[in-house]
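Notes for the one structure printed next.
Throughout, read-outs are computed from the coordinates displayed, never taken from laboratory work. Values in this document were obtained by computation on a predicted structure and should not be read as measured data. Heads up, the Cβs are rebuilt from the backbone with ideal geometry, glycines too, and the neighbour counts pull from every protein chain shown.
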Amino acid sequence: MSFVLFPADESGPALICMVIGTQSIAPDDMVLGRPGHARRCRAISHWVASLPEGGFTWSKRDPVRTDLDIPKVVKAQLGRWDQSLKKYGPVLYACHASTGSGTDADHVAQLAALTAYLDLFMDERGIDRKQASEKEAQAVRQQWLAHLLPSVSKTDTAQLLSYRRFVVLEGPPGTGKTHLAKRLLAEQYQDHGHLIQFHAGTTYESFIGGLRPVKDDGNQGFHFSAVGGQLMRAVQQAAANTTKPYLLVIDEINRADLAKVLGEAMHLFEPGDPNRQVELDYEFEEIDGRTLKLPPNLHVLGTMNTADRSIAVLDVAVRRRFAFSPVWPSLQVLSGDQQSCASMREKFAQLLDLFVSHAGDDAFNLLPGHAYFMEADEAKAKTKLQTELKPLLLEYLAQGHVSGFGDEIHAFIDSLDACLRARRLDRP
């Protein structure tokens with residue numbers, strides 16, 4: 001692993017690169033072989049590219065694949081360094097090419113790439129920094145980490161709903177998916193809508209509608225009548241006022257067998273065709289007949305926990321009809337001492353580093369959310385970690401979700417136990 005600057009074949013700034021060194025992979029296989037190194041390089045690339053005049057950035061999915069040359073579409077963007085790429089292309093796995101405009105924004109982007117890649121190189125090599133440069137490196141790290149864990153706001157979700165109508169917020173537990181959905185319903189939709197929750201017992205009859213026993217007036221008996229379900233009632237309420245959007249929130253949408261629950265109504269969930277309709281088997285009072293159609297102002301927002309692998313698989317047809325928006329732990333929520341005390345922020349930083357460094361793509365999606373670390377009282381913090389975070393991590397271990405770095409997770413759990421024992425010793 002080497003940090004390299006390749007001069008241009010013509011006049012202009014150098015190409016900032018991360019490459020595999022002259023001694024090949026062996027000296028750094030413990031670094032390059034971990035998912036975290038490639039993940040950090042991608043995050044840095046995304047961050048630098050997002051800056052004004054960020055230039056061109058690229059990172060290889062798997063740095064150790066020296067049998068793969070730089071893709072042609074990437075080489076086309078790096079013509080000024082053609083001679084260097086011919087010789088070192090297969091061992092180059094991350095780079096930043098300046099626009100060469102010479103503007104202040106161009107210089108800022110170059111400095112950002114230079115600082116971030118140098119910081120990564122020094123961090124992986126275990127090189128100590130001076131205190132002043134460490135503060136600068138921490139500030140840069142926070143910026144590219146935001147591209148590793150992008151935030152989703154109410155405004156972003158509201159705009160996605162207005163465009164796609166049917167959206168699912170997906171992410172690990174504790175990331176605030178339900179909290180975001182409730183705030184969206186209350187603030188963006190002014191409570192014009194309602195929230196329901198799916199579970200294993202949710203059926204077509206309870207969500208769409210079906211025959212149900214109804215007590216006869218004045219008699220002791222019952223008769224069966226067609227009664228609309230939760231979706232049909234939402235359709236009725238949305239159609240009653242089409243001047244403003246109506247939001248149906250379905251919490252834990254993947255806990256039910258969605259293909260069975262929707263039935264033929266799945267045909268209606270096509271955001272680009274608001275005129276679709278289906279004919280039902282019975283006449284329903286809620287829709288004045290058998291024809292079910294979703295009003296254009298009806299929006300559906302689901303929440304989905306990706307940590308429960310037994311229920312996380314959704315039908316491909318369902319995934320095509322809903323826009324999926326990932327929700328990650330929020331670094332901003334934990335940045336101040338009003339929401340989280342110092343020990344909570346420290347433990348989150350340790351766990352985040354474990355997942356970033358060792359977790360594969362599937363396991364990385366299970367990173368526990370910020371809600372597990374939101375406790376401002378130091379006296380209560382360790383108990384919260386023991387009673388809420390520890391059981392989740394033990395479940396991950398039991399289910400084999402973090403088998404690739406189970407030893408590291410066990411060591412982290414041991415540190416939680418040590419913290420709790422220390423607190424008990426501190427008691428008078």
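Listed values, structure above:
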item	result
Derived scalar couplings ³J(HN,Hα) [region 361-373; Karplus, 6.51 cos²θ - 1.76 cosθ + 1.60; whole Hz; x for Gly, Pro]	4, 5, 5, 4, 5, 9, 3, x, x, 5, 4, 5, 10
Order of Met18, Met232, Met266 - criterion: other Cβ atoms within 10 Å of each residue's Cβ, fewest first	Met266, Met232, Met18
Relative contact order of region 2-148, pairs being alpha-carbon contacts under 8 Å that are 6 or more residues apart, as %	31 percent
Segment Gln350-Thr243, extension gain: residue separation times 0.36 nm, minus the distance between their alpha carbons	33.6 nm
Values of log10 I(q)/I(0), in the order q = 0.10, 0.16, 0.18, 0.21 Å⁻¹, for region 2-148 under a Debye, Cα-only, solvent-free model	-0.32, -0.85, -1.09, -1.45
Convex hull per residue volume in Å³, alpha carbons only, for region 113-182	143 Å³
Debye-sum result for region 154-326 in log10 I(q)/I(0), which assumes one identical scatterer on each alpha carbon, at q = 0.10, 0.12, 0.17 Å⁻¹	-0.39, -0.55, -1.06
Three-way shape call for region 78-144 based on the alpha-carbon gyration tensor, with the a/c threshold at 1.5	oblate
Cα-based convex hull, the chain, per residue volume (Å³, whole number)	217 Å³
Whole-number percent relative contact order across region 342-426, with pairs defined as alpha carbons under 8 Å at least 6 apart	32 percent
Ordering of 144-154, 350-360 by packing [mean C-beta count within 10 Å, highest first]	350-360, 144-154
Separation of the Ser11 and Asp362 label points, Cα + 7 Å toward Cβ, nm	5.5 nm
Region 181-240: radius of gyration and largest Cα-Cα distance (Dmax), Å	15.4, 47
Using alpha-carbon coordinates, inclination of helix 35-50 to the longest axis of the chain, degrees	90 degrees
Whole-Å semi-axes of region 342-426's equivalent ellipsoid (Cα gyration tensor)	22, 13, 11
Whole-angstrom gap from region 70-138 to region 259-292, using each part's C-alpha centre	54 Å
Full-stretch length increase - Arg129, Asp29 - with 0.36 nm per residue and alpha-carbon distance subtracted	33.6 nm
Contact order relative to length of the chain, as percent, for alpha carbon pairs under 8 angstrom and 6 or more apart	15 percent
Between 0 and 90°, nearest 10: helix 104-125 axis offset from the chain longest Cα axis	80 degrees
Pairwise label distance in nanometres, Asp69 with Arg319, each label 7 Å out on the Cα-Cβ vector	3.4 nm
